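I have placed the structure first, in the form of structure tokens, so that the comments after it can refer back to it.
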Amino acid sequence: MNESPASGPETESEAEAEAEFAAAGETEPEPEPGARAGSSGPQYAAGAKIQYLTRAEQAAFGAAERVRVPRRVHGGVKLAAGRDPIGILEAQAATRLPDLVPVRHGRMLANPFAFYRGSAAIMAADLAPAPRTGLRVQLCGDAHLSNFGVYSSPERQLVFDVNDFDETLPGPFEWDVKRLAASFIVAGRALGWKRGVGDRALIYAVASYRERITELAAGGTLPTWYSRISVDDIRAMVAPARRKRLDAGLAAAGRRNSLGALGKLTRTVDGRRQFIETPPTLVRISERLTDEAIRGTIRQYRRTLPSDRRQLLDRYRYVDVARKVVGVGSVGTVALVAYFEGADESDPLFLQVKQAQASVLEPFLGKAVQRHSGQRVVDGQRLLQASSDVFLGWATGPFGRHYYWRQLWDGKLSADVEGMDEGGIYAYARVCGWALARAHARSKSPVAVAAYLGTGARFDRAMLEFARAYAEQNEKDYAALGAAVASGRLQATPGV
């Protein structure tokens with residue numbers, strides 16, 4: 001994805017970007033007297049009566065929210081008194097595996113963008129004091145630019161979508177947009193993008209979100225539900241001369257399947273396949289748990305699958321399980337990979353089993369309706385994704401931890417944001433905005449959100465103002481993490 005979009009801002013500096021926004025700005029009324037931070041108005045969430053309103057009534061609600069919470073108030077950052085980002089990391093560490101907490105901190109210290117990827121809980125606390133709309137959707141909860149990508153649909157077609165749901169929860173739509181917007185500024189500064197590239201990428205992402213929400217609002221409920229972003233949609237955004245590179249990446253995604261994992265992650269020992277240990281990132285644990293405990297958890301998981309998927313799972317037998325360290329933000333929670341075998345070794349199935357804790361959004365947006373955190377993740381993923389994994393399910397493990405299950409390496413491919421050229425960054429920003437809009441529209445009618453956003457650049461400008469300010473704060477928090485490690489307050493293991 002390396003072609004510059006055909007239309008959009010062509011600014012060459014931050015000052016020019018501001019001037020362009022000013023020229024395209026919309027007027028809007030002052031906030032209602034007495035409007036307060038955090039006030040959410042009528043609930044626009046699953047099960048709320050607003051979903052039965054007519055199109056005109058929903059549009060009127062969105063317009064009323066624009067009066068109550070003007071779009072410009074989303075600019076800037078309002079931090080809570082006594083804010084302690086390192087304290088938030090310490091609180092998270094208390095519920096994670098002690099031997100992996102230093103690995104998490106070490107990965108976050110790689111650069112400010114790596115820190116941002118691991119700081120969803122910090123950002124949730126920072127968003128909470130600001131005014132928020134009552135336009136509630138199912139949030140991804142951690143919608144930064146690296147949590148989008150390609151994966152295989154059940155029909156074995158590669159699609160592009162949001163791909164991380166650990167923090168999913170109903171909430172105001174703008175929280176996801178702010179998380180995505182700020183990630184482009186943070187990444188641009190941390191990864192050495194040319195001056196202004198992060199700003200323009202943000203503009204493309206937010207404008208794409210706004211335009212796609214408007215487009216989906218004009219359509220029907222079922223067309224929105226069935227909509228997806230295909231490989232052909234992505235290729236259409238890329239210049240013909242650069243499609244070879246894109247196609248090579250997509251071909252690599254096609255090879256990331258259970259057969260690929262078989263050769264890379266396992267070997268045969270005494271006639272039986274088992275995981276290859278590479279401590280601390282991959283450690284076998286099958287010998288530390290009783291066979292009955294493992295099989296009991298699998299039985300629990302099986303019961304959460306639809307009946308046809310149970311029959312599919314029953315055609316495989318459990319062979320081995322290992323702990324695998326993945327990502328940045330989730331490091332320290334338990335992440336497992338389980339190997340199953342069908343008719344023979346040439347018929348493998350690899351499932352990823354990830355611990356699910358309470359969403360970092362819950363202290364500020366209310367507890368999830370699901371009693372099981374794994375079910376919360378699965379329900380959110382099924383609602384937001386155009387096509388979800390056939391093996392999605394959940395279970396409680398032997399020590400009472402909640403887990404969700406999905407396939408490992410099911411054609412999944414994340415964008416190489418460090419290796420993209422400028423045109424690729426802009427195209428990627430547009431498709432991320434599109435994917436987030438489509439996900440939000442699936443979870444609730446997009447009509448009210450579209451009415452709130454309007455057709456001008458007022459909201460876009462607010463997101464740019466917010467993202468610039470938050471990127472500055474993120475760099476201060478990153479430095480605070482380094483100081484905490486240097487002082488011995490926190491431990492970090494770099495390079496793992």
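The values are calculated or read from the model by the stated rules, or taken from the named source; none is laboratory data. Please read these numbers as outputs of a predicted model, since none were measured by experiment. Cβ sites come from the backbone with ideal geometry, for glycine too, and all protein chains shown count toward neighbours. Just so you know, the surface numbers come from the protein's heavy atoms only, side chains and all, with ligands and any DNA or RNA stripped out. Shrake-Rupley method; radii C 1.70, N 1.55, O 1.52, S 1.80 Å.
Could you give the length gained by full extension between Thr268 and Ala293, i.e. 0.36 nm per residue of separation minus their alpha carbon distance, to one decimal place? Can you show the working numbers first?
On the way: separation 25, 0.36 × 25 = 9.00 nm, distance 2.40 nm.
Net length gain for the segment: 6.6 nm.
The accessible surface of segment 267-415, taken with every protein chain in place and a 1.4 Å probe, is 48 percent carbon and sulfur.
For helix 422-443, what angle does its Cα long axis make with the longest principal axis of the chain, in degrees from 0 to 90 and rounded to 10? Approximately 90 degrees, to the nearest 10.
Each stretch of four or more DSSP H residues adds -39500 (n - 2.57); spread over every residue of the chain, this sum gives -14000 deg cm²/dmol at 222 nm. Relative to the first principal axis of the alpha-carbon coordinates of the chain, what is the inclination of helix 55-68, with its axis defined by its Cα atoms, in degrees from 0 to 90 and to the nearest 10? Once rounded, one gets 70 degrees. Determine the shape class of segment 359-446: with a ≥ b ≥ c the square roots of the Cα gyration tensor eigenvalues, call it rounded for a/c under 1.5, and otherwise prolate if a/b is greater than b/c, oblate otherwise. Prolate shape, in that a/c is at least 1.5 and a/b is the bigger ratio.
For segment 178-233, the carbon plus sulfur part of the accessible surface works out to 54%, probe radius 1.4 Å.
Taking amide hydrogens as placed 1.01 Å from N in the peptide plane, the amide H of Leu336 sits under 5 Å from those of Lys324, Val353, Lys354, Gln355, each at least 5 positions away in sequence or on another chain. Taking all protein chains together, Lys476, Lys412 sort by accessible area into Lys476, Lys412, largest first [probe 1.4 Å]. Diagonalising the gyration tensor over the Cα atoms of segment 348-496 and scaling each eigenvalue by 5 before taking the square root yields semi-axes of 29, 27, 20 Å, largest first. Could you give the angle, 0 to 90 degrees to the nearest 10, between helix 291-303's Cα long axis and the longest principal axis of the Cα atoms of the chain? The two axes meet at around 40 degrees.
Each Lys and Arg contributes +1 and each Asp and Glu -1, all at the Cβ; summed about the Cα centre of the chain, the dipole is approximately 1200 debye.
Can you quote the Å³ per residue value for the convex hull of the Cα atoms in segment 421-496, rounded to an integer?
On the way: hull volume 14.2 nm³, N = 76.
It is 187 Å³ per residue.
Summarising the label geometry, the points placed 7 Å from Cα in the beta-carbon direction at Lys476 and Ser227 lie 3.8 nm from one another.
Taking only protein heavy atoms into account and a 1.4 Å probe, give the accessible area per residue of segment 51-113 in Å².
Details: 2810 Å² over 63 residues.
Here the per-residue accessible area is 45 Å².
Here the simple spin-label model places points 7 Å from the Cα toward Cβ, and for Arg255 and Glu277 these points are separated by 3.0 nm.
Counting only Cα atoms, the size of segment 224-367 along its three principal axes is 54, 47, 36 Å, in decreasing order. Under 5 Å from the amide H of Trp394 lie the amide H atoms of Thr304, Trp405, each residue being 5 or more positions distant or on a separate chain, with H modelled from the backbone and absent for Pro and chain starts.
Would you mind working out the magnitude of the charge dipole of segment 375-463 relative to its Cα centre, with +1 at each Lys and Arg C-beta and -1 at each Asp and Glu C-beta, to the nearest 20 Debye?
Working: 11 positive and 8 negative charges, 108 e Å.
The calculation lands at about 520 debye.
For the chain, the equivalent ellipsoid derived from the Cα gyration tensor has semi-axes of 37, 25, 24 Å, listed largest first.
Each peptide in 251-257, 159-165 receives the mean, over its residues, of other Cβ atoms within 10 Å, and ordering these scores from highest gives 159-165, 251-257. Looking at segment 366-472, the accessible area is 30 square angstrom per residue; that uses a 1.4 Å probe and ignores ligands, DNA and RNA. Note that segment 305-322 has calculated 3J(HN,Hα) couplings of 8, x, 4, 5, 6, 4, 5, 5, 4, 5, 7, 10, 10, 5, 10, 7, 9, 9 Hz, one per residue in order, obtained from phi through the Karplus relation 6.51 cos²θ - 1.76 cosθ + 1.60 (θ = phi - 60°); glycine and proline are x.
Quarter the surface of the alpha carbon convex hull of segment 312-387 and you get the mean projected area, 7.0 square nanometres. Need the list of lysines near Lys178 for cross-linking: C-alpha distance under 30 angstrom, and skip anything on the same chain fewer than eight residues off. Qualifying lysines at Cα under 30 Å: Lys49, Lys78, Lys194, Lys354, Lys367, Lys412, Lys444, Lys476. Computed packing ranks the peptides 317-326, 420-429, 368-377 as 420-429, 368-377, 317-326, most packed first, by mean other Cβ atoms within 10 Å.
Model label points for Asp416 and Arg83, set 7 angstrom from Cα along the Cα-to-Cβ axis, are 3.6 nm apart. Taking θ as phi - 60° and the Karplus parameters 6.51, -1.76 and 1.60, the scalar couplings of segment 221-235 work out to 5, 5, x, 5, 4, 8, 5, 7, 9, 8, 4, 5, 4, 5, 4 Hz in sequence order, x denoting glycine and proline.
Among the GluC sites (Glu not before Pro) in segment 272-333, those placed in a DSSP loop whose Cβ has at most 16 other Cβ atoms within 10 Å are Glu277, Glu287.
Rg and Dmax of segment 105-149, both derived from C-alpha coordinates alone, stand at 12.7, 38 Å.
Note on Ala94 and Val369: with the Förster distance fixed at 35 Å, the Cβ-Cβ geometry gives a FRET efficiency of about 0.85. Sorted on the mean count of surrounding Cβ atoms within 10 Å across their residues, most packed first, peptides 341-353, 435-447 read 435-447, 341-353.
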